[in-house]
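What follows is calculated from the coordinates using simple rules that are stated; it is not laboratory data. As the structure is a prediction and not an experimental result, all values here were calculated from the model. FYI the Cβ positions are ideal-geometry reconstructions off the backbone, even for glycines, and counts take in every protein chain you see.
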Amino acid sequence: MLVYIFFAVLCAAVMLPVIMMVLLSLNDETELASAIMPLESGKGFCAPDPLPFFPTFSHYKKLMLYTPEFYRVFFNSLRNTAVILVCQVLFAAPSAWAFSRMKSRHSKLLFDMYVIFMLMPFQVTMLSQYLLLDRLGLMDTSAALILPAVFSTFPVFIMYRSFSQIPEDVLDHARIDGAGEFTIFLRIGLPMGRSGMLAAVTLGFLDLWNMVEQPLAFIKDKRLLPLSVYLPMIDKGSEGIVLAASVITLIPAVFVFIIGQDELEAGMISSGIKE
Amino acid sequence: MEKHNGMTKSASVRWFVGFLCVMAMLSLISRQLYTSKLALVTAEDIRHSKLSHTVNCAGTVGCDSVNAVFLPEGVLAESVYVHQGDKVEKDSRLLKLDTQSLKARYDELESERQKSLENGDGYGSEGASPVFAETGLRITDVCVKAGDKVSAGDELVKFDKSHLIRLINTLEADRNKDIIARNALSDKQAAAEADEESMGESYAGQIDTLDVSIEEQQSNIDRYLVILNSGCAIKTTMEGTVTRVEAKAGQVTGESALMVISAAPEVSNGLLRIDEELEKLKALIDADGLVLSEYSGTVSRADISAGAVTAEGAALFIADVSEGGIYFSGLADEKSAKHLSAGDIVELYFRNGRLRTASAVISNFTLRDSDYRFEVPLTEETFSGEMPAYGEIGMMRTSALTEGEYYLISKEAVHGTGAKRFVFALEETDGFFGREYHAVKHDLNIEDENDTYVAVSSTGLAEDTPVIITSNRPLTDGARVRLSVGKVNDESEK
Amino acid sequence: MTDAVHYGIKENTENKTKTTDKRKNKRDLRYLPFLLPGAVGVIVFIIIPFADSARRSFLTNITLEWCGLDNYRAVFNNEAFALAMKNTLRFTAVCLPLLTAVSFMIAYVLSKLIHARLIRSVLLFPMAIPTATMVLIWQILFADSGCINGILTYLGKGTVRFLGEGSFWLLVGSYIWKNLGYTVLLWLTGIESISSSLCEAAKTDGAGEVQCLVYIIMPSLRPTLYTITIISFLNSFKVFREAYLLAGSYPHRDIYLMQHLFSNWFAEMDLGKMAAAAVCVFTVVFVAAALLKKVWDREW
């Protein structure tokens, strides 16, 4: 019983920031200002009321109805993310499949290289990417964000795990039946590795929806900014808008999370077995 | 969170898709709502050039050498042969006056002349000698009247002869009485002297008195006798003009002068005028009423028309263009005078713009008694065709450029009043939808202005920044605006 | 017995590895077309550019002349670099073990519970939250006049400058908050995949709970540990986002991470130094990963 209480507290603590954010976004101007005022004035402490006395959707209204640029950045983010994810699946799935099936030392070596680069923080490859993009003339375009991310090796890693679970025998059977490699991949590999792919997509989405470093470095044109960078740019005086925008930004991530949660977990099961 | 776990995957997917659709719709709605709040503006570039000031001054057409044609007053004009603007030569026909009315006027004037002479208004009184005669004479005839010229020996006044004879006889009888009295007294005196008594002195006195009186009377009688003998008339001894006649037939002379004669008579103005008129009328009558021009030039004004009676003043004006010509001149106020100077090319407008020229040049621009006077000569080149009439009022218009170059801002873009005026500049930034425009308020330091522009020497704006001319909503500093397509210089905006 | 199962599988794979290299290579060739598109992309967009910047690390910044190890010397002498590296290493060294340990403990306890699923989802949730979303909330909570400090003052403890000296721990906390769910999940699935019969069998042999834990469960979780380590290590770099959004390009000393350094150098276009530093970091990570793999492989 104690354990449950402990976990209840833990869960509450974990969810607290989010709940606080949603509730704060429903505060009207005055309550919000008084809650935030200590931040700026340095006097007293922020002590927002748990529930707003005068809940209002005015921030949402203002954001959703009177700020068209919000939609611009929202769909920028969405478009970037969707394109990247699709391309990632297109490129990474076959690669992961190949890696999971290939046993030679060369492939292992290449795969290890993939893993190494996956581990690098963006900053390490930032410079090289910049040079390349500059040479290709792609700076300050959406392609600058999309292209490098498409070839990220992270989804390969994730998908590899689930692909490698598929026993070779099944494939051999299919080969005996006369199926070509590609057909095997499509008919057997993909369905069986579905969980890994979805896991990769989900994790990828959560990461890309958050993309901060690349836009900061490569994008100057305001028209191409993604949502994740737009949020901090909102003027200081409109915290209500910031909160409302934050909540809206959260929603797709939550959706994706819900949709992909099972696969995420399933994808982890495969990690229990070494290749 | 339990709710989330309870949802099936497909439901989540559907909700997600629904969410995205809502977002898509809202993106359109929000755009519409947002832009509907934005002011729609038009903008214009600031020009950099000199400011032009338009000066409007009124003036009249005049002529330095204008010859007036005077006609006698009160005469009917039968026909007029010239109009304003006609060129006339010397001796060309101007108009014809009705001879009958001429003659009538002539007679009228003559009788007026007579009257004034008789009234004694014809002459001044300087240098005049009055003519006296003995008293008691009865005038039968006054031989002269005012205005007549007389020379020595002319008879002036005739007297009644029989009346004079009777007078002389009376006077002689009185004298004789006195003589007798005197004689008696003198006898008495002689006797007294013999007597040696004091009474003799008084007699001497009496005798003297009587003597004197007898002498006086004798001289009177002599005088009258002279008159009698010289035809019972007064004859003038001097040459001159009779300026005034007081005597009348039937009167008896008294102490006052009979008339006044002046050797160099001063003719009064009235008489002179009448004489002039009479002369003119005479000439006109002789010419059968035809008036010829004495000058050559252009008829600048004709105040007479057929069938009208002449009035006082000049009937026609002939401008002699060969000498100096016609001018348009007037006065300019101080404000306008700043922008005018000799040599400026101006436009002239007459008759509400129906008659105009654009090629006139100011020849003179002078300051006299704090009035600025300008003169613009009007020549044939100035007005091809019709010329404005003498005395016509017109407008002079010119635009003068300032010395220096300023930044000119259309007044439509300027708000505020007096010293605190400002414009809204259109500033571009790169925004989330490409180019964004904002209205930014800028105060102005106005140096000069005319009707359409204000001039500043520095705008405080970046090069090529346009200013907002019109807006369909009130503008606030920093507000985002939409630029209407009508902006002239915005070629790159697509 | 557990081992046997595992060994059995391993044997299989070992058998496979015993097949000749030549055969393997031949077999592998049929997978080449699958690999090629992705590989080409990776090579073009990641490997070659990196090689190029590695080359640049030996050239001067603008004129591109060979300058040998000048850039490297500059980097190593650079105070900011030293600070950044120190901070980053410190952060990683603190976070990883902490996260691993805490999450394992929670996972272990959770594995005993029945209604674990809900808790799992809740714990997982923070991972989904975009960083930018939370910035304002972090500020409200952790600023000098934030909520937490308010509570602390009320309790008489005085304020902690979370955004100042304490920012390091703030980042650690944020990192754990985000990644706890994921790691717990990984542990859980690992634990659950262990057949319960193993433990029961051990218990009948007289083993206690703790022994069960130490000798049966933990060893079988090595693969899980491997994955967790890799992913946690990966995520530890992502904490830069929080740091940047909260504190900007030049944060407090303690959280001046390597990424800050790179960002600033990038902004100044100091390409030579960046290239050199990139190569350095790459080397470090490479070494670390290689070591990890070695340790991993040796165990097996």
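The value of relative contact order for chain A, using C-alpha pairs under 8 Å at least six residues apart, is 27 percent. Find which of A:116, A:104, A:90 sits farthest along the positive direction of the dipole of chain A, computed with +1 on the beta-carbon of Lys and Arg, -1 on that of Asp and Glu, about the Cα centre. So the residue furthest toward the plus end is A:104. The calculated 222 nm mean residue ellipticity attributable to helices in chain C amounts to -24000 deg cm²/dmol, summing -39500 (n - 2.57) over DSSP H runs of n ≥ 4 and dividing by all residues. With the cut-off at under 15 Å, measuring from each backbone N in segment A:61-75 to a point 7 Å along the Cα-to-Cβ line of residue B:22 picks out A:61-65.
Seen against the Cα atoms of chain B and their longest principal axis, helix B:99-118 is set at about 50 degrees. Between residue B:417 and residue C:213, the modelled label-to-label distance comes to 8.7 nm, taking each label 7 Å out from Cα in the direction of the beta carbon. Once R0 is set to 41 Å, what does the formula 1/(1 + (r/R0)^6) return for the Cβ-Cβ distance between residue A:15 and residue A:82, expressed as a FRET efficiency to the nearest 0.05? It comes out at approximately 0.90. When the C-alpha to C-alpha distance is required to be over 23 Å, the pairs from B:145/B:280; B:161/B:235; A:108/C:293; B:103/B:145; A:103/C:293 that qualify are B:145/B:280; B:103/B:145.
Proximity of backbone amide H atoms, modeled 1.01 Å from N, is registered between residue B:138 and B:160, B:253 at under 5 Å, excluding neighbours fewer than 5 places apart on the same chain. Sorting the segments A:207-214, B:454-461 by their mean number of nearby beta carbons within 10 angstrom, highest to lowest, gives A:207-214, B:454-461.
Expressed as an acute angle from 0 to 90° and rounded to the nearest 10, what is the orientation of the C-alpha long axis of helix B:200-229 relative to the principal long axis of chain B? Between helix and principal axis, roughly 60 degrees. Computed from backbone phi, the HN-Hα couplings of segment C:42-55 come to 5, 5, 5, 8, 10, 6, 5, x, 5, 4, 4, 6, 5, 4 Hz, rounded to whole numbers (Karplus: 6.51 cos²θ - 1.76 cosθ + 1.60, θ = phi - 60°; Gly and Pro given as x). Computed over segment C:79-299, relative contact order equals 30 percent, with contacts defined as Cα pairs under 8 Å that lie 6+ residues apart.
Per-residue ellipticity at 222 nm, computed for chain B from helices alone with -39500 (n - 2.57) per DSSP H run of at least four residues, works out to -10000 deg cm²/dmol. Close amide-amide hydrogen proximity is noted between residue B:355 and B:350, each under 5 Å apart and 5 or more residues distant or on a separate chain (H modeled in the peptide plane; Pro and chain starts excluded).
Given q = 0.08, 0.11, 0.13, 0.17 Å⁻¹, what are the Debye log10 I(q)/I(0) values for segment B:113-269, with equal point scatterers placed on the Cα positions and solvent ignored? After summing over all Cα pairs, the log10 values are -0.38, -0.58, -0.69, -0.93.
Taking amide H positions as placed 1.01 Å from N in the peptide plane, with prolines and chain starts having none, which residues 5 or more places from residue B:146, or on another chain, fall under 5 Å of its amide H? Sorted by chain and number, the residues that satisfy this are B:245. Rg then Dmax, both in Å and based on the Cα atoms of segment B:232-374: 28.2, 87. Shielding by partners for peptide A:210-221, expressed as the average number of C-beta atoms from other protein chains within 10 Å of each residue's C-beta, is 4.
The mean count of C-beta atoms from other chains within 10 Å of the C-beta of residues in C:143-153, rounded to a whole number, is 5.
Scalar couplings 3J(HN,Hα) for segment B:245-260, obtained by applying the Karplus form with A = 6.51, B = -1.76, C = 1.60 to θ = phi - 60°, are 10, 9, 6, 10, 5, x, 6, 9, 5, x, 7, 6, 5, 7, 7, 10 Hz; x denotes Gly and Pro.
Of A:2, C:188, the sequence from fewest to most neighbouring Cβ atoms within 10 angstrom is A:2, C:188.
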